[in-house]
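Participant: This is the structure I have questions about; it appears just below.
The values are calculated or read from the model by the stated rules, or taken from the named source; none is laboratory data. Please read all numbers here as calculations on a predicted model, not as lab measurements. Please note: Cβ atoms are built from the backbone with ideal geometry, for glycine as well, and neighbour counts cover all protein chains shown. Remember, those area values only see protein heavy atoms, side chains included, never the ligands or the DNA or RNA. Shrake-Rupley method; radii C 1.70, N 1.55, O 1.52, S 1.80 Å.
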Amino acid sequence: MNESALREHICSCGKSLYDRGLATGSSGNISVRLDDGWLLTPTNACLGHLDPARLSKLDWQGNLISGDPASKEAFLHRAMYEERGSAGAIVHLHSTHSAAVSCMSGLDACDCIPPLTAYFVMKIGKLPLVPYHRPGDPQLGDAIRGLAGKHSAVLLANHGPVVSGKTLEAAMYASEELEETAKLFLMLRGHNPRALNEEQIAELRRVFQLD
Ligand SMILES: O=C(O)[C@@H](O)C(=O)COP(=O)(O)O
Ligand SMILES: [Zn+2]
């Protein structure tokens, strides 16, 4: 896709997330890698009403090349791209169930949601918890940097998920799968759920060539 098509794609994905209640108000942000920099949603923008011409275009030093002032989480997206050469897009949401899990005490910080379903293993894998930092805190970039090499998605404590993918479509689908599995995880609390075992996970990794 060329830059103009990617701009349209960011706006239609943002609208789709907003229309389905996965993004509300001005929460969340979306970015896409370009040949000559990257595109990011502007700060305080509603994902449901984005304007392709006003998206922030940045260089790899984080400078604004064009468009409206960028999301305050620009350094967080940049850290993820720098650690994950294969990432072509990133979606950050405050989607309700994922955000709810991010507020739970007693989570396994290396793996916040158990491997309840095969699709969760295929789209997300292990989901580490990033300790709480306020939105826009540059230290969040460093915290992500330590995890993003091994994980395509992370959960920000008391905040929400950050999910990367080879394409924006892949990052969206993975974000949606994370949200649905977070819902299952919450529904199954107290029901002693049976997660997939190591052998079943190894089979998925082998058959679907997961990294
Ligand atoms: O939670 C926050 O404040 C940000 O992470 C967010 O979701 C929206 O911030 P902007 O992208 O700067 O609008
Ligand atoms: Zn946020």
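Participant: Rank Ala174, Asn158, Gly88 by how far each Cα sits towards the positive end of the charge dipole of the chain (+1 on Lys, Arg Cβ; -1 on Asp, Glu Cβ) and give me just the farthest.
Facilitator: Selected residue: Asn158.
Participant: For segment 3-207, which whole percent of the accessible surface, found with a 1.4 angstrom probe, sits on carbon and sulfur atoms?
Facilitator: 50
Participant: Let me ask something additional. Sequence gap at least 6, Cα distance under 8 Å: using those rules, report the relative contact order of the chain to the nearest whole percent.
Facilitator: 20
Participant: State in Å² the accessible area per residue of segment 1-135; use a 1.4 Å probe, count heavy atoms of protein chains only, and round to the nearest integer.
Facilitator: Result: 44 Å² per residue.
Participant: Please give me the summed charge of the neighbours of Pro52: other residues whose Cβ is under 14 Å from its Cβ, Lys and Arg +1, Asp and Glu -1.
Facilitator: With Lys, Arg at +1 and Asp, Glu at -1, the neighbours total 0.
Participant: Moving on. What 222 nm value per residue comes from the helices of the chain, counting each DSSP H run with n ≥ 4 as -39,500 (n - 2.57) and dividing by all residues, nearest 500 deg cm²/dmol?
Facilitator: For the chain, the value works out to -11500 deg cm²/dmol.
Participant: Given C-alpha coordinates of segment 3-207, what is the ratio Rg to Rh with the Kirkwood estimate of Rh?
Facilitator: Here Rg/Rh amounts to 0.96.
Participant: Quick check for me: using +1 on Lys/Arg Cβ and -1 on Asp/Glu Cβ, what's the dipole size of the chain about its Cα centre, in debye to the nearest 20?
Facilitator: 260
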